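For reference, the structure is listed below as structure tokens.
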Amino acid sequence: MRLTRFRWWHISDVLSIEADLFGAEQWSPGMFWNELASGHHYLVALDDAGPLVGYAGLAVTPDEAWVQNIAVRRDAQRGGIGRALLEALLAEAARRDVRKILLEVAVDNPAAQRLYAAYDFEPVGIRRGYYQPSNTDALVMMRDG
């Protein structure tokens, strides 16, 4: 598996992962186009044969960074890809001298919460009804340092 910069031609592969993992709450093509056009730091994970197996994004401001998303194709989960993507995002934040990193994760996604906790993210709040249309709450987690 290798990580490389997310380019516009990856959007169609990313959308199929989005549809499978997030259903009605998936991001639209326009949302990914906007993230790329805004210059946010996005990566894709490609398996050794070339197919896209995951992606992740980080929005960085001078004071903080937000993990926009981390997703791994269902049949490639539990193989360290999500961890590698998160580590790459954390390395990018460190490279830019940003110490405060935040993210939102669904309250009903304990596997992702455990991954983030393993990297010193701690719960700092709840966004009620954040994910739509399911009205699922988001746990806001932060890592400082």
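Residues checked against (1) touching a residue at least 12 places away in the same chain (Cβ under 8 Å); (2) aliphatic (A, V, I, L, M); (3) over 20 Å from Phe22 (Cβ atoms):
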{"site": "Gly54", "(1), (2), (3)": "yes, no, no"}
{"site": "Leu90", "(1), (2), (3)": "yes, yes, yes"}
{"site": "Lys100", "(1), (2), (3)": "yes, no, yes"}
{"site": "Leu103", "(1), (2), (3)": "yes, yes, no"}
{"site": "Arg127", "(1), (2), (3)": "yes, no, no"}
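Looking only at the stretch 40-51, which residues are more than 28 Å from Gly129 (Cβ to Cβ) and either crowded, with 16+ Cβ neighbours inside 10 Å or touching a strand residue (DSSP E or B) at 6+ places or on another chain (Cβ under 9 Å) (or both)?
Taking the stretch 40-51 first, the residues more than 28 Å from Gly129 (Cβ to Cβ) are 41, 43-51.
Residues satisfying the conditions are His41, Leu43, Val44, Ala45, Leu46, Asp47, Asp48.
Looking at (1) at pLDDT 95 or above; (2) closer than 17 Å to Val72 by Cα; (3) surrounded by fewer than 14 Cβ atoms within 10 Å (Cβ to Cβ), can you tell me which one Val124 breaks?
So the condition that Val124 fails would be (2).
Give the stretch 3-26 a look and list any residue that's among the aliphatic types (A, V, I, L, M), in a helix (DSSP H, G or I), touching a residue at least 12 places away in the same chain (Cβ under 8 Å) and within 18 Å of Gln77 (Cα to Cα), or say none. Talk me through it step by step, then tell me what you get.
Here is the first cut: in the stretch 3-26, the ones among the aliphatic types (A, V, I, L, M) are 3, 11, 14-15, 17, 19, 21, 24.
Applying the additional criterion that residues be in a helix (DSSP H, G or I) yields 11, 14-15, 17, 19, 21, 24.
Pick out the ones that are also touching a residue at least 12 places away in the same chain (Cβ under 8 Å) and you get 11, 14-15, 17, 21, 24.
Answer for the stretch 3-26, where residues must be among the aliphatic types (A, V, I, L, M), in a helix (DSSP H, G or I), touching a residue at least 12 places away in the same chain (Cβ under 8 Å) and within 18 Å of Gln77 (Cα to Cα): Val14, Leu15, Ile17, Leu21.
Which residue is farthest from Ile126 (Cα to Cα), if the candidates are limited to the stretch 50-104 and must be among the acidic types (Asp, Glu) and under 13 Å from the mean Cα position of the chain (by Cα)?
Glu87
With (1) under 12 Å from the mean Cα position of the chain (by Cα); (2) buried (at least 20 other Cβ atoms within 10 Å of the Cβ) as the list, and Met141 as the residue in question, which single condition is left unmet?
(1)
With the requirement that a residue be within 16 Å of Trp66 (Cβ to Cβ) and either touching a Pro at 6+ places or on another chain (Cβ under 7 Å) or at pLDDT below 95 (or both), what does the stretch 107-121 give you?
Ala112
The values are calculated or read from the model by the stated rules, or taken from the named source; none is laboratory data. All of these numbers come straight from a predicted model, not from anything done at the bench. A quick note on method: Cβ atoms are made from the backbone with ideal geometry, for glycine too, and the neighbour counts reach across all protein chains shown.
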